[in-house]
Ligand SMILES: [Zn+2]
């Protein structure tokens, strides 16, 4: 059995995802909006580790770091244990601003 997603190892994984997200300005992989990586993990808009392959369905992939993506805590929870769609990474990022405004 693969090890459980908890404790020190899961904290390290979150740190890895945060570092990557911060460096690459990665948005939430679920809603496409920015993540404030300074928020505590307990905040609904804080960063959590989203498994693009569900841990429940693919426990053997739990610790494959290339499958970790940052997501808001609230999005992560709402998503549940489904897999991300295979094309999630290639879809255009939803725009949050108004592109026609004259800023
Ligand atoms: Zn989100």
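Read the figures in this text as sums done on the coordinates, not as results from a lab. Just so it is clear, the structure is predicted and the values come from calculations on it, not from any experiment. Counting neighbours? That spans all protein chains shown, and the Cβs are built from the backbone with ideal geometry, glycine included.
Give me the one-decimal nm value for the distance between modelled label points at residue 8 and residue 74, 7 Å along each residue's Cα-to-Cβ direction.
Each label point lies 7 Å from its Cα, and together they span 3.5 nm.
Express in % the proportion of alpha carbon pairs of segment 7-79 at distances exceeding 20 Å.
Beyond 20 Å sits 20 percent of the P(r) for segment 7-79.
Label residue 43 and residue 86 with points 7 Å out from Cα along Cα→Cβ: what is the distance between them in nm?
Output for this residue pair reads 3.7 nm.
Relative contact order for segment 7-79: what percent, with Cα pairs under 8 Å and sequence separation of 6 or more? Display every interim value, and only then the final one.
On the way: 102 pairs, mean separation 23.5, N = 73.
About 32 percent, as a whole number.
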